[in-house]
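S.K.: Submitted below is the structure of interest, expressed as structure tokens.
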Amino acid sequence: MSSVQTTGNVEKFNYDDGIVKKFTLATIIFGLVALLVGIIIAFQLAYYPLNTQLPWFTFGRLRPLHTNAAIFAFAGNAIFAGMYYSLQRLLKTRLFSDKLSNFHFWGWQLIIVAAAVTLPLGFTQGKEYAELEWPIDIMIALVWVAFGVNMLGTIIIRRVKHIYVAIWFYIATFITVAVLHIVNSAAIPVSMFKSYSAYAGVSDALVQWWYGHNAVAFFLTTPFLGLMYFFIPKSVNRPVYSYRLSVVHFWTIVFLYIWAGPHHLLNTAVPDWAQTTGMVFSIMLWIPSWGGMINGLMTIRGAWDKLRTEPIVKFLALSATFYGMSTFEGPLLSIKSVNELGHYTDWIIAHVHAGALGWNGFLIFGMIYYMVPKLWKTELYSKRLANIHFWTATIGILLYIIAMYTSGFTQGLMWREVDAAGKLAYPDFVQTVVRVVPLYWIRGLGGVVYLAGFIIMLFNVVKTIKLAPAVQTNETEDEYVPYVKTPVFGNPDQSFSHRVLEGAPMILAGLVVVAIAIGSLISLSPMWMSSSVVEANYHDAITKPYTPLQLAGRDLYLREGCYTCHSQMIRKTVGDVLRFGAPSTIEESKYDHPFQWGSKRIGPDLARVGTKYPDLWHFRHVRNPQEVVNGSIMPSYSWMYKDKIDFAILRKKLSVMKILGVPYGDDDVANSESWAREDAKKIAAGLVAEGAQIQDDREILALIAYLQRLGNPPASIGGAK
């Protein structure tokens, strides 16, 4: 509880700034890690030998580490630092529980370390932004609940009646992220670090992108909007431009965002009405998103002198600008014709990093420069260095996104260009790869420049902390505000009806639950219809489950992060059909736990690869891609020719798949190990007959079995015999 002394019109609050300091320092440390890993994988694409022969140091394994570090370690710690700092000052009370605060901090860091260890080792669910295996998912849920209890408890013991707009966004963040994580993480364990998603095929695709899109919405947008509404007014010492606009902004974001997930699945096998629904709601998001940007920038408008002289204000102003750009581009990309050009290309990478490095990154930098001197009771060591950081980071991000926009437009146009005869102008996928490699070097350079700015900030922060007085106190003086008043910035109309909700935050939280539930149920409804659609379009040869060896190979495909470079979804577009074959259908991925439709094509789509090449081609290609495909940037996976297949676990894997509804018979499960060994021997014998040297129990055989299955299912298998 807070220790409060009142003297005249001033109160002294004993806030828990120790926990804010911890999260702030963790933000800086893990921000450095996330940027370093990002630069490594950027240059691995520009120069493939950087992948080396270390299994844990390949692009496919490091890319999920980078995304998790950037989202959950860097941005996550920043969110908690800013929330805990602003909550106490807006509610005029100490955080609800010191024990919960510390459990939250150390639990979150343990999760980050667990991710940093398991992902490079290949322990992954193979679901983008949700790769972490089931024990870590449980840890995330427990720590997130602890954070929510601490936040809601602080709101309950508040010493002001009405809660400020920033806290509305914090409440929506806690509720929605909890729902997203729990639903999307549903899985059945096979072992300590292996599980299978509870959903398959189109159902898994819908759940994953309902989660993936709204993880961006409610982990990288709503909490940062709350932080924007706190730190921009504080940095310029002005009220929020429009209180009513903030009300409209909040509720439209909460209600509309949750519907937009299907726009990640445009032109795919998902029902057209679901795609159109996602597109329509995405376009509608233009209005509230730009309302929020306008509210932030117009708040700064009356303090142009500070925009010229204060680096904090520069960071926050450019952050809001990047928010506006990203939230214009997102709805634009949700239009089917535009999505046809941009999806699977580096345009999406540019879009994502404009949001992550621009919107989130610049807001975090401004927040750190604002909080650190106040937390350590000193002055910022150097405004000049902060200004250098601003311009360095700006140049870095511009180099990055301009290179990726150029690469994305190049890819999209080359993939779909046809000649006068109606044939592909660039039939070999590698022709596009070779064309964009120079842009990957520029992207890497942009990342290095951005990192240089980050290191300048790190130096500035360290020097600032060293200036701090030896004796620190958490006491903070602030204007005395009785319970019946409100700590908002500005004078909202007291008759405005929304004020009722601001005085009853639990009711507001309940309405948030209702708002996200409506959109979620509609967005996910096709998953309940998909089984009947599959049965109505049942093709016996397509919907048979994987053999045990193919399933083992699929798990190796996931382990190596192949899904980060290859899609398995041929869209209903001219370019895709001409290049890869007939469009993919719902039933083709009926037994895929998780689905592998992909979100990026660094390499070609693999939905029909099983019908194209003999075993020996795959054998040579995985070992030395450049020997088979001139210009390829794919790394070698030489360890798969040495490491042995884990045959013993296959019985457990098939048992779990059977629980999930895959039609394996009891005999299939019981004989899975011997069945897989027999299939591996056949593939090995065929390779040896063609001059290859391989033993009959190596991982490469399982991977080949899986790749040959794609688009070319067996004559009979399992319960479908």
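The values are calculated or read from the model by the stated rules, or taken from the named source; none is laboratory data. Worth saying up front: this structure is predicted, and the values here are computed from it rather than measured. Neighbour counts run over all protein chains shown; Cβ positions are idealised from the backbone, glycine included. Areas reflect the complete protein model, heavy atoms only, side chains present, ligands, DNA and RNA absent. Shrake-Rupley method; radii C 1.70, N 1.55, O 1.52, S 1.80 Å.
S.K.: Accessible area of Lys194, 1.4 Å probe, to the nearest 10 Å²?
M.R.: Only protein atoms counted, so the area is about 30 Å².
S.K.: Where does each of Arg709, Arg435 land when they are ordered by accessible area, with a 1.4 Å probe and the largest first?
M.R.: Values: Arg709 20, Arg435 125 Å².
Of Arg709, Arg435, the descending order of accessible area is Arg435, Arg709.
S.K.: Moving on. Below 8 Å, C-alpha to C-alpha, sequence gap of six or more: please give me the relative contact order for the range 174-213 in percent.
M.R.: On the way: 25 pairs, mean separation 14.2, N = 40.
So the answer I get is 36 percent.
S.K.: Using each residue's phi in the range 638-646, evaluate 6.51 cos²θ - 1.76 cosθ + 1.60 at θ = phi - 60° and report the 3J(HN,Hα) Karplus result to the nearest Hz, with x for Gly and Pro.
M.R.: Going residue by residue, I get 5, 5, 6, 8, 10, 6, 8, 5, 7 Hz, with x marking Gly and Pro.
S.K.: Another one. Label points 7 Å out from Cα along the Cβ direction at Val471 and Lys642: separation in nm?
M.R.: Once both label points are built, they end up 6.2 nm from each other.
S.K.: Further question on the same structure: Using a 1.4 angstrom probe, figure out how much accessible area the range 591-689 has per residue, in square angstrom, rounded to the nearest whole. All intermediate terms of the calculation are to be shown ahead of the outcome.
M.R.: On the way: 4280 Å² over 99 residues.
Spelled out: the 1.4 Å probe surface of the range 591-689, per residue, equals 43 Å².
S.K.: Pop out the ³J(HN,Hα) list for the range 16-26 in order, Karplus 6.51 cos²θ - 1.76 cosθ + 1.60 with θ = phi - 60°, rounded to Hz; leave Gly and Pro as x.
M.R.: Rounded to whole hertz, the list is 8, 7, x, 5, 5, 4, 4, 5, 5, 5, 5.
S.K.: So, with a 1.4 angstrom probe, what is the percent of accessible area on the chain that is carbon and sulfur?
M.R.: That share works out to 65 percent.
S.K.: Could you work out the relative contact order of the range 17-220, using alpha carbon pairs under 8 angstrom and six or more residues apart, expressed as a whole percent? Mind dumping the intermediate values first?
M.R.: Working: 235 pairs, mean separation 44.2, N = 204.
Computed value for the range 17-220: 22 percent relative contact order.
S.K.: Please state the shape class of the range 17-220: rounded when a/c is under 1.5, otherwise prolate if a/b exceeds b/c and oblate if not, all from the C-alpha gyration tensor.
M.R.: On the way: a/c = 2.18, a/b = 1.58, b/c = 1.37.
Note, shape of the range 17-220 comes out prolate.
S.K.: Grab the beta carbon distance between Ala425 and Val338, set R0 = 30 Å, and tell me the FRET efficiency rounded to 0.05. Before the final figure, lay out the partial values.
M.R.: On the way: r = 21 Å, r/R0 = 0.70.
Efficiency, from the Cβ-Cβ distance: 0.90.
S.K.: Report relative contact order for the chain in percent, whole number only (criteria: Cα-Cα under 8 Å, sequence separation at least 6). Kindly include the intermediate steps, with their values, before the conclusion.
M.R.: On the way: 1227 pairs, mean separation 127.2, N = 721.
Once normalised by length, the contact order is 18 percent.
S.K.: Continuing with the same structure: Just how much of Tyr257 is accessible, in Å², when a 1.4 Å probe is used and the result is rounded to the nearest 10?
M.R.: 20 Å²
S.K.: Where in the range 554-578 does the amide nitrogen come within less than 14 Å of the point 7 Å from the Cα of Leu660, taken along Cα to Cβ?
M.R.: It comes to 554-559, nothing else.
S.K.: Also, I was wondering about something else. Near Lys612, which lysines are there with a Cα under 24 Å away, not counting those fewer than 8 places off in the same chain?
M.R.: Partners within reach: Lys423, Lys544, Lys572, Lys590, Lys600, Lys681, Lys682.
S.K.: Going by alpha carbons, how many degrees (0 to 90, nearest 10) lie between the helix axis of 383-416 and the longest principal axis of the chain?
M.R.: 30 degrees
S.K.: How much accessible area per residue does the range 388-481 have, in Å², with a 1.4 Å probe?
M.R.: Numbers: 4640 Å² over 94 residues.
Accessible surface, normalised per residue, equals 49 Å².
S.K.: So, R0 is 60 Å and r is the distance between the beta-carbons of Val462 and Arg244; what FRET efficiency does that work out to, to 0.05? Intermediate results must be reported in sequence, preceding the final value.
M.R.: Numbers: r = 43 Å, r/R0 = 0.71.
According to the calculation, E is roughly 0.90.
S.K.: Between Ile395 and Met298, 0.36 nm times their residue separation minus their Cα-Cα distance comes to what?
M.R.: Working: separation 97, 0.36 × 97 = 34.92 nm, distance 2.48 nm.
The Ile395-Met298 span can extend by a further 32.4 nm.
S.K.: Roughly how much of Glu502 is accessible, in Å² to the nearest 10, using a 1.4 Å probe?
M.R.: Near enough 0 Å² of accessible area.
S.K.: Can you tell me which of 457-467, 586-596 comes out highest on packing, and rank the rest after it, using the mean Cβ neighbours within 10 Å? If you can, show how the numbers build up before the last one.
M.R.: On the way: 457-467: 17.0, 586-596: 23.6.
Packing proxy ranking, top to bottom: 586-596, 457-467.
S.K.: Something else about it: Separation of the range 575-606 and the range 646-683 by C-alpha centroid, Å?
M.R.: 25 Å
S.K.: What is the packing order of peptides 263-269, 16-22, taking the mean over residues of other C-beta atoms within 10 Å and listing the highest first? Write down the numbers at each step before the final one.
M.R.: Working: 263-269: 24.3, 16-22: 20.9.
With the highest mean Cβ count within 10 Å placed first, the list reads 263-269, 16-22.
S.K.: Right, something else. Could you tell me whether the range 545-709 comes out rounded, prolate or oblate from its Cα gyration tensor? Rule is a ≥ b ≥ c as square roots of the eigenvalues, rounded for a/c under 1.5, then prolate if a/b exceeds b/c, otherwise oblate. Numbers along the way, then the final one.
M.R.: On the way: a/c = 1.91, a/b = 1.12, b/c = 1.71.
Verdict is oblate for the range 545-709.
S.K.: Amide H of Arg698: which non-local residues (sequence gap of 5 or more, or other chain) have their own amide H closer than 5 Å, using H built in the peptide plane?
M.R.: Here Ile645 satisfy the definition.
S.K.: Still on this model: If one computes the Cα centroid of the range 237-279 and of the range 289-320, what distance in Å separates the two points?
M.R.: Taking the Cα centre of the range 289-320 as reference, the centre of the range 237-279 is 23 Å away.
S.K.: Can you give me the long-range amide H partners of Trp376? Hydrogens built in the peptide plane at 1.01 Å from N, cutoff under 5 Å, separation of 5 or more residues or another chain.
M.R.: So Trp376 has HN proximity to no qualifying residue.
S.K.: OK, next. Using modelled backbone amide H atoms (1.01 Å from N, in-plane), which distant-in-sequence or interchain residues come within less than 5 Å of Tyr196's amide H?
M.R.: Here the answer is Ile188, Val190, since their amide H atoms fall under 5 Å of that of Tyr196.
S.K.: How much accessible area per residue does the range 17-220 have, counting only protein heavy atoms and a probe of 1.4 Å, in square angstrom?
M.R.: Working: 5620 Å² over 204 residues.
Accessible area per residue, the range 17-220: 28 Å².
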